[in-house]
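In what follows, a single structure is set out as structure tokens and then discussed.
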Amino acid sequence: MSDITMPNVAAIERSRHGSSIGQPVTRREGHLKVTGQAGYAADYNPPGLLHAVMAVSGISRGRVTHLDVAAAEAHPGVVKVMTPANAPKLAKSPDDKDHGFMFRMNVLQNDSVRFANQPIAVVIAETLEAATEGVALLRPRYAEEPARIGLDGSAAFALQAVGAGAPAKGGIGDIEAGLAEAATRFEATYETPAQYHNPLEPHATVAEWDGDKLVLHTPSQGLTMAQGRIAGLFGIDPANILIKSPFLGGGFGAKGLFSGPQVLGIMAARFVGRPVKLVLRREQMFGPVGHRGETRQTLRLGADSTGGLTALEHNTLTTTSFYDDFFEPAGTTSRHLYASPAIATSHEGVRADIGTPIFMRAPGEAPGSAALECAIDELAVKAGMDPLDFRLRNYAEIEPITGKPFSSKALRQCYAQGAARFGWASRPRAPRQMRDDDGLLVGWGVGTATFPAMIFPSEARAVLRVDGSARVEIGAQDMGQGAWTSLAQIAADGLGVDYDKLDLEIGSSALPTGGIAGGSAGTATAGSAIHHAAADVIKKLAALATSDERSPLFGAGNSGVVPRDGRLVRQDDESRGESYASILARAGLAEIDGKGSAGPNPSMQESYAMHSHGAVFAEVKVDPDFGQIRVTRLVGAFAAGRIINPRMVRSQYYGGMIWGVGFALHEHAAADPRSGRLMNANLAEYHVPVNADVPLIEAILVEEHDPHVNVLGLKGVGEIGITGTVGAIANAVWHATGVRARAFPITLDTLLERPGDI
Amino acid sequence: MRPFAYDRPTTIADAVASGAQPETAFLGGGTNLLDLMKGNISRPARLVDVTRLPGLSTIEWLQDGGVRIGALVRNSDLAHDPRFANRFPSVAEALLSGASAQLRNAATAAGNVLQRTRCQYFYDAASVCNKRDPGTGCGAIGGLTRLHAVLGWSEHCIATHPSDFCVPLVALDAVVEIEGRAGRRDVPLEALHRLPGNTPERETVLEPGDVITAIRLPAEAAAYAGNARYLKVRERTSYAFAVVSAGAALRLDQGTIVSARLALGGVALKPWRARAAEDLLAGALPGATVFRDAAALALAEARPCGDNGFKIELARRIIVRALTLAAAGTPDRVPALPASPFALAPTQEVSAHV
Amino acid sequence: MSFDIALTINGLHRVVAIDDPRITLLDLLRERLDLTGTKKGCDRGQCGACTVLVDDRRVNSCLALAVSLDGAVVTTIEGVAHGDTLHPVQAAFIENDGLQCGFCTPGQIMSAIGLIREGLAGDDPERIREGMSGNLCRCGAYAGITEAILEAQARMQLEHKGEAA
């Protein structure tokens, strides 16, 4: 069905009056979550369940030469050990990729080791305790080869594409000429470390085979992709695979592509012919399910005497694995954020003996904007300008490289509202000027936030019942962003029914494909399909009513009626209408259903640049003697088109900003330079922010109308929060201390470099 | 986890006898032991659950003014005991700066003292470690050493002791009461943990079967109550191990330091008492210069074992600050962020002075 | 070796046969007693998702051996609401959006109930933040969590006063 129509501004304005969209209703599934009744994958315990635990590699590169399978199988309760010697062979190589949205996997098809923490066996037992000990008893031996680790561990090479297929190079104008004419020039190199998603819920599978039919409980950000991946690997019809994923315990990109450990859970169930639960141990989350690749970014910038950029060059070196390709697209941010007559961005890759990196909350934008926002700040200071004024001076009125207008861009209002709320105007220009009552150094910094507005293909089904209730089905996924709630709000308004009379079903592969909960596109993707499905129902209902002489709507024409609170009413006279119940009853129908789909709109994409924007202001305090840093205040102002649910949206911004705190100050996977093993693969030492790290946080929802971006006029909110925040914090640390930290996370020892003074 | 026999003795004598058997571990709060067992770092064949032993769960005030902390007193109960916190505020502050509320509710006093190093190579079963597998080498040397020891380390082991509790305890002359096969004995806490030397696998002076029954603080330790602080620098505002910490306590008489107590955490494989610095401070007027001299003395023997030279300067600065805070007087109540440089709550107001 | 232990779980007294001393309280609840509300995030006492009350104190159930808890009173997330009436902390979590993905939420709520019971944080948000720092929330719902606790505590104090009067 070709429901991908040009957005109709009038339609948007009409549905804006709906009773649900825009309301800060609380989480629809909140009751389930606060009572412990929300069922996550690992909560499912079918009869006859066995427990599987993975054994993972202690080396980064080489081969497994021995596993003491006998010792493991002799352990009471152990049922079987699955190794490369006996594991079911898959229907196709797990290294074959049909498209870019696939992980190459290490699923016991051979004895090679390509990264530390790679699965090398699976122990299946009657109890979790027995399976866990069975793993310990395997005592693997290896033929080890030297690990190649880090950005300098092997030769860099040129790239064609980065991220999800963006060109590796992009730019406009002449960088050297721009630098030559600049009154102020600045060059610096920034490094960002490997980071691991670490959703609180480790990947889990509960797999049940019935012949060639598979029922799988597992968290997935993309049910249809997962279904297709499993079908290919096991050589079965996708229709024979049912994946249930009603609640994800966080995803952040780690549950976007179906991963090796999830395949192993399915293999284990087939191997033993019983239902099997496989849950990753926390340390196993550091390797086989992706991470954010390391980057080294070198920026060269020039500005004229008025502070206008003359050149912006952004070159990125980033790591990937030796067996797959994913390259952190860090430079793409510089393609659309600031106006400059000359922009050049490029990426190079380097391979290391690590698990393949993948999308992680704000892939590209997070590390890219961290470096860019620091460099812009440094240049502003060098040019003698206030960092916020400098950003405004270089405001991009059109997307600089493409020349396209923005579909909407309320960034100026973000800067203004954020600055006002934060109190930016009283900021002294020079660093080390502010102290608090305890003598702690205080610094203020700003960063610009940005994230592209995307949409993926999706389909939905909507049903209106004669009793006035409705049901909407879509295989969308809720990983905490609020899909259960916001999609219901969209559905309720689309159908013109009360929010409480709307049943929403999501999180199952049996439902129409809901696209991907990723790229900050989940609500646009699923919401647009729902909107169209609802419109289809209303259209059919209107056809029934307007063609029926007995209806007060007779003759109004399809486009002459609109849904209102369980009724269709005439657009020209809302007092004239008929209830859905009455229309359906007269037609002798118990219910009426409709379908809708959504996806990218090429003509809009050609015409407009579509991005969310924001401005983040950070206050940090730094102990002048110890260099210990605390982010004491964060104010973010974001414009992302239409807001479906301000309560959920605010939480998304908070979450992103807190990820910014972690990026700036905490997160860092520490690899031993010799073995490549991650030495802090646990939550005690891979630090993410705790509650005490986040004293005061505010998010301002800046009004923005976007008639172009999609039928609902909404942009994504899930990832943008991290983007401006990292730079804002780093710039605030400089403002507090006078020290420019150019490697993330910023640790206290960096600030101790000036003994007695810092 | 290796299967283990489970024994729950009801007398200390039985616990000693049971605990003396090979491959045996005592189970208290379990917060460290179970973590180690899950990581296959510790694989005991037998667990002796001492949590039901009678008489070890009380805080007992001695006639001389000292206190006897039962081995099983939970960290949170001790820290929140008003009389204890009043007499030994730096110990309470140290306890409350450690781990999380949940862990403090479970962890016992003796268990805290006996917790094992957080060295990442010790914790990584795939790495070599002389402490875990004597003679295999130290995996940390030449690796990631940013947070390792700067005092008392050897070429066989560069790990640090992770306890916060032990730091002010050792400064205040705590004594450990032990029941063993040869009867009861007292060991000063300072002598309980061993430096690595050639035998890093021998972490304490305890013998098989030895049960710590109590930790005693002498009456004199309470004389420091008015000027005792614990300060802990860490890489996250809470729920993080110390990069470096210090416990400082002063006895002041008319503005002069009569005697000082000073110990460091996060710098060595044991809580590090800085006696020379204490001696320097005795008789001095509190002030930046003498505090800096004391800090220099405390770190005189320090040397980096890798990329951790910064910890030496950091430790000096922490000592100066801890002494400064102690001299300023113990606050009425443990701050909202115990032992943190960020002791005061941020406010909505723009708090900056230009 | 099997041990029969007596546990009172969410007010229900039961004798549980522990056929393996390695079983933690967390795995007992989740894998054997079908009380899956309590979550396993790290299994090492590093995230707080498994927080339950044992004898009215919040602890990490992943680091407690079931066999050593003979006689204990355990409260889990399933035992907090009264029928359909949510505990004030649960209600306040929803109202203040102190949750996103919900996976850490049972542990956050149990920890919050424990914190309020300890009675030491008062209405000082900073003490609440510190007291809740043993519960990681990767989604970043900390602001709502802190607000929820302040609100629930105030409501519980009011109700308590009401009952006393």
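The values are calculated or read from the model by the stated rules, or taken from the named source; none is laboratory data. On a predicted model such as this, the values are computed, not experimentally measured, just so you know. Glycine gets a Cβ as well: all are built from the backbone with ideal geometry, and neighbour counts include every protein chain shown. SASA here: full protein model, heavy atoms, side chains in, ligands and nucleic acids out. Shrake-Rupley method; radii C 1.70, N 1.55, O 1.52, S 1.80 Å.
Numerical summary
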{"quantity": "Residue check for A:Leu214: away from chain C (no Cβ under 13 Å), surrounded by fewer than 24 Cβ atoms within 10 Å (Cβ to Cβ), part of a strand (DSSP E or B) and of a type in the set (A, V, I, L, M)", "calculated": "yes"}
{"quantity": "Elements of type strands (runs of 3 or more DSSP E) contained in the range B:205-293, each with 1 or more residues being away from chain C (no Cβ under 14 Å) and under 30 Å from B:Arg8 (Cα atoms)", "calculated": "B:211-217"}
{"quantity": "Single unsatisfied condition, B:Tyr6 versus (1) away from every other protein chain (no Cβ under 14 Å); (2) without any contact (Cβ under 8 Å) to a residue 60 or more places away in the chain", "calculated": "(1)"}
{"quantity": "Helices (runs of 4 or more DSSP H) enclosed by the range B:57-170 - at least 1 residues per element that are open to solvent by 20 Å² or more (accessible area, probe 1.4 Å) and farther than 21 Å from B:Arg261 by Cβ", "calculated": "B:75-80, B:82-87, B:101-106, B:109-113, B:120-123"}
{"quantity": "Residue within the range A:655-665 that is more than 11 Å from chain C (Cβ to nearest Cβ) and open to solvent by 10 Å² or more (accessible area, probe 1.4 Å) present", "calculated": "yes"}
{"quantity": "Options A:Ile455, A:Ile474, A:Ile490: the member that is modelled with pLDDT of 95 or more, in contact with a strand residue (DSSP E or B) (Cβ under 6 Å, 6 or more places away or on another chain) and either over 20 Å from A:Asn710 (Cβ atoms) or of a type outside the set (Ser, Thr, Tyr) (or both)", "calculated": "A:Ile474"}
{"quantity": "Number of the condition not met by C:Ser68 [criteria: (1) part of a helix (DSSP H, G or I); (2) over 23 Å from B:Asn32 (Cα atoms); (3) facing another protein chain (nearest Cβ under 7 Å)]", "calculated": "(2)"}
{"quantity": "Scan of the range A:321-355 for residues that are hydroxyl-bearing (Ser, Thr, Tyr) and either surrounded by fewer than 24 Cβ atoms within 10 Å (Cβ to Cβ) or over 21 Å from the mean Cα position of the chain (by Cα) (or both), ordered by number", "calculated": "A:Ser321, A:Tyr323, A:Tyr338, A:Ser340, A:Thr345, A:Ser346"}
{"quantity": "Residue ID - nearest to the other protein chains (Cβ to nearest Cβ), chosen from residues in the range A:666-702 that are more than 26 Å from C:Cys47 (Cβ to Cβ) and within 23 Å of the chain's Cα centre (by Cα)", "calculated": "A:Glu698"}
{"quantity": "2 or more residues within 14 Å of chain C (Cβ to nearest Cβ) and crowded, with 22+ Cβ neighbours inside 10 Å: qualifying strands (runs of 3 or more DSSP E) within the range A:30-134", "calculated": "A:50-56"}
{"quantity": "Sole residue being within 14 Å of another protein chain (Cβ to nearest Cβ) and either open to solvent by 10 Å² or more (accessible area, probe 1.4 Å) or out of contact with any helix residue (DSSP H, G or I) (no Cβ under 8 Å at 6 or more places or on another chain) (or both), chosen from A:Asp467, A:Asp436", "calculated": "A:Asp436"}
{"quantity": "Test: residue in the range C:81-93 that is touching a residue at least 12 places away in the same chain (Cβ under 8 Å), open to solvent by 40 Å² or more (accessible area, probe 1.4 Å) and not in a loop (DSSP other than H, G, I, E, B)", "calculated": "no"}
{"quantity": "Subset of the range C:1-34 (residues that are facing chain A (nearest Cβ under 8 Å) and surrounded by 17 or more Cβ atoms within 10 Å (Cβ to Cβ))", "calculated": "C:Asp20, C:Arg22, C:Ile23, C:Asp27, C:Arg30, C:Glu31"}
{"quantity": "Pair list, Cβ < 9 Å and 6+ apart or interchain, from the range A:233-260 residues that are small (Gly, Ala, Ser) to residues that are part of a helix (DSSP H, G or I) and open to solvent by 40 Å² or more (accessible area, probe 1.4 Å)", "calculated": "A:Gly256/A:Met225"}
{"quantity": "Complete set of residues in the range A:136-147 that are open to solvent by less than 30 Å² (accessible area, probe 1.4 Å) and either farther than 11 Å from A:Val64 by Cβ or under 29 Å from the mean Cα position of the chain (by Cα) (or both)", "calculated": "A:Ala136, A:Ala147"}
{"quantity": "Residue in the range B:317-326 that is under 18 Å from B:Ala171 (Cβ atoms) and either in a loop (DSSP other than H, G, I, E, B) or at pLDDT below 95 (or both) present", "calculated": "no"}
{"quantity": "Residues (more than 11 Å from chain B (Cβ to nearest Cβ) and of a type in the set (Asp, Glu)) located in the range C:97-144", "calculated": "C:Asp97, C:Asp123"}
{"quantity": "Flag for B:Arg216 being open to solvent by 30 Å² or more (accessible area, probe 1.4 Å) and more than 19 Å from B:Leu147 (Cα to Cα)", "calculated": "yes"}
{"quantity": "In the range A:616-631, residue farthest from B:Arg236 (Cα to Cα) [restricted to those that are outside any strand (DSSP E or B) and facing chain B (nearest Cβ under 9 Å)]", "calculated": "A:Asp625"}
{"quantity": "Residues (more than 21 Å from the chain's Cα centre (by Cα) and among the polar types (S, T, N, Q)) located in the range A:264-297", "calculated": "A:Gln297"}
{"quantity": "Contacts under 8 angstrom Cβ, first residue in the range A:434-454 being closer than 15 Å to A:Arg633 by Cβ, partner at pLDDT below 95 and among the β-branched types (Val, Ile, Thr), 6 or more apart", "calculated": "A:Met434/B:Val354"}
{"quantity": "Of all residues making up the range C:35-59, the number that are open to solvent by 10 Å² or more (accessible area, probe 1.4 Å), in contact with a strand residue (DSSP E or B) (Cβ under 6 Å, 6 or more places away or on another chain) and either touching a residue at least 40 places away in the same chain (Cβ under 8 Å) or in a loop (DSSP other than H, G, I, E, B) (or both)", "calculated": "1"}
{"quantity": "Residues of the range A:496-510 satisfying the condition of being assigned to a loop (DSSP other than H, G, I, E, B) and of a type in the set (A, V, I, L, M, F, W, C)", "calculated": "A:Val497, A:Ile506, A:Ala510"}
